[in-house]
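*Asks:* For reference, the structure I am asking about is given below.
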Amino acid sequence: KTANAGDSTKTDTGKKVKYLSEPLISSIYTADPSAHVFNGKIYIYPSHDIDAGIPENDNGDHFAMKDYHILSMDSIGGKVTDNGVALDIKDIPWAGRQLWAPDAAYKNGTYYLYFPVKDKKDVFHIGVATSASPVGPFKAEPEPIAGSYSIDPAVFTDTDGKTYMYFGGIWGGQLQRWISGKYETDGSKTDSKQENAPAISCKVALLKPDMKTFDGVAKDVVIVDSLGKPLLTKDHDRRFFEGSWMHKYNGKYYFTYSTGDTHLLCYAIGDSPLGPFTYKGVFMKPVQGWTTHHSIIEIKGKWYIFYHDTQLSGKTHLRNVKVTELLHNADGSIKLIDPFL
Ligand code: FUB
């Protein structure tokens, strides 16, 4: 498949539009791009979307991915290389199905790939695999990270060297089934069902220096409104759904995430990587396709957002990753991005 710069297409609403940016690669479908700068080069850790022939449903069964390919580029706008299979589901001893959005980190000569996958009982956990190369191949640990559950790991190393993992996603990501501390097999398919209660939070865990284990039990990433009150379950335009990321800008911690069924990317700012975070607003309008998932990096003094849409396929489970500049305003707010011109 090829994409021509400036292609216009019909969105889900039937309106003709032009995209803000073009797919980074069109030889395979890629999504959920977690970008990092290692040794001055850009590496993108995406999901590798495939058509497994599974009908679309609210559980996300149609996202039936089986391996990861890591993309690399020397600079924004430069050639994008697909570095081939970095990890295959068949080489993860505990995995059942659905390799979803991964992330990566580097420490002391080793690259760590963090990945969510359902175990053989169909319960999502997060695993870790290691390699001496940023593009793999990666070797998976025999078990998931103890105390991990749900999806969408996002790993952030602070300027003091401490590394945190943010994780979780409601609905198909199963986070709502862990409210009691144990997985409820017949639990809710969506959220807590308590409309006026605080929304289910993303989780955050400090990683031990080995980068493979949690240092204690994961905690809630609390998002409050301008009055200091936690966002509520019914607040679908603002509450956390999935796809978290963390970046630090001017000494403040920016927790960014997707609102899922309302298709927005939002941000909340805090004074600590553990929060609480005050909701600030939407920074990206809905993309084409149901899901929206991003990462944010700084390179050569500029900030960029990596994201995905469905420009190449028009199908929600066959996505393509993109990049565009992200601007912080003088007051610390993020300039709203419209993925369509
Ligand atoms: O790619 C599968 C799932 O779709 C991800 O885990 C979510 O964040 C959403 O993008």
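*Asks:* Among the residues of the range 138-154 satisfying the criterion of being part of a loop (DSSP other than H, G, I, E, B) and hydrophobic (A, V, I, L, M, F, W, C), which is nearest to the ligand (Cβ to nearest atom)?
*Replies:* ILE151
*Asks:* Within the range 1-47, considering only strands (runs of 3 or more DSSP E) that don't extend past its boundaries, which have at least 3 residues that are modelled with pLDDT of 95 or more and out of contact with any helix residue (DSSP H, G or I) (no Cβ under 6 Å at 6 or more places or on another chain)?
*Replies:* Correct list: 29-38.
*Asks:* Within the range 116-133, which residues are in contact (Cβ under 8 Å) with a residue 60 or more places away in the chain and buried (at least 21 other Cβ atoms within 10 Å of the Cβ)?
*Replies:* Listed by number, the list holds a single entry, VAL128.
*Asks:* Considering only residues that are under 21 Å from LYS212 (Cα atoms), over 20 Å from the mean Cα position of the chain (by Cα) and of a type in the set (A, V, I, L, M), which ones fall in the range 141-196?
*Replies:* Within the range 141-196, ALA146 is the sole residue that qualifies.
*Asks:* What's the number of the only condition in (1) assigned to a loop (DSSP other than H, G, I, E, B); (2) within 19 Å of SER34 (Cβ to Cβ) that VAL204 fails to meet?
*Replies:* Unmet for VAL204, out of (1) assigned to a loop (DSSP other than H, G, I, E, B); (2) within 19 Å of SER34 (Cβ to Cβ): (1).
*Asks:* Quick check on the range 242-294: of everything there that is of a type in the set (Gly, Ala, Ser) and part of a strand (DSSP E or B), which residue is nearest to the ligand (Cβ to nearest atom)?
*Replies:* My answer is GLY243.
*Asks:* Show the residue pairs meeting these rules: Cβ distance below 9 Å; 6+ apart or different chains; first residue within the range 314-341 and more than 22 Å from GLY60 (Cα to Cα) and at pLDDT below 95; second residue in a strand (DSSP E or B) and of a type in the set (A, V, I, L, M, F, W, C).
*Replies:* Between residues of the range 314-341 that are more than 22 Å from GLY60 (Cα to Cα) and at pLDDT below 95 and residues that are in a strand (DSSP E or B) and of a type in the set (A, V, I, L, M, F, W, C), the close pairs are LEU341/VAL17.
*Asks:* Taking into account only those residues within the range 105-137 that are in a loop (DSSP other than H, G, I, E, B) and of a type in the set (A, V, I, L, M), which is nearest to the ligand (Cβ to nearest atom)?
*Replies:* The qualifying residue nearest to the ligand (Cβ to nearest atom) is VAL123.
*Asks:* Can you list residue pairs whose Cβ atoms sit under 7 Å apart, with the first residue in the range 32-60 being under 30 Å from TYR106 (Cβ atoms) and away from the ligand (no atom under 13 Å from the Cβ) and the second being part of a loop (DSSP other than H, G, I, E, B) and not hydrophobic (A, V, I, L, M, F, W, C)? Count only pairs 6 or more apart in sequence or on different chains.
*Replies:* PHE38/PRO134; LYS41/ASP74; TYR43/PRO134
*Asks:* Just to verify a result, which residue in the range 298-318, among those that are in a strand (DSSP E or B) and surrounded by fewer than 22 Cβ atoms within 10 Å (Cβ to Cβ), is farthest from the ligand (Cβ to nearest atom)?
*Replies:* Within the range 298-318, the match that is farthest from the ligand (Cβ to nearest atom) is LYS302.
*Asks:* Does any residue of the range 242-258 turn out to be more than 14 Å from the chain's Cα centre (by Cα), surrounded by 15 or more Cβ atoms within 10 Å (Cβ to Cβ) and among the charged types (D, E, K, R)?
*Replies:* No, the range 242-258 contains no residue that is more than 14 Å from the chain's Cα centre (by Cα), surrounded by 15 or more Cβ atoms within 10 Å (Cβ to Cβ) and among the charged types (D, E, K, R).
*Asks:* Being surrounded by fewer than 21 Cβ atoms within 10 Å (Cβ to Cβ) and in a strand (DSSP E or B) is the filter here; which residues of the range 80-102 pass it?
*Replies:* Passing the criteria: THR81, ASP82, ASN83, GLY84, VAL85, ASP88, GLY96, ARG97.
*Asks:* Pairs only if they're at least six apart or on different chains, beta carbon under 6 angstrom, first in the range 266-292 and modelled with pLDDT of 95 or more, second in a strand (DSSP E or B) and of a type in the set (Asp, Glu); list them, first residue then second.
*Replies:* So the pair list comes out as VAL287/ASP309; GLN288/ASP309; GLY289/ASP309.
*Asks:* Still on this model: Starting from the range 158-183, take each residue that is among the hydrophobic types (A, V, I, L, M, F, W, C) and within 16 Å of the ligand (Cβ to nearest atom) and list its partners that are part of a loop (DSSP other than H, G, I, E, B) and modelled with pLDDT under 95, counting only C-beta distances under 7 angstrom and pairs at least six apart or across chains.
*Replies:* Short answer, once both residue conditions are applied: TRP171/ASP58.
The values are calculated or read from the model by the stated rules, or taken from the named source; none is laboratory data. Computed from a predicted model, the values in this text were never measured in an experiment. So basically every Cβ, Gly included, is an ideal-geometry build from the backbone, and we count neighbours across all protein chains shown.
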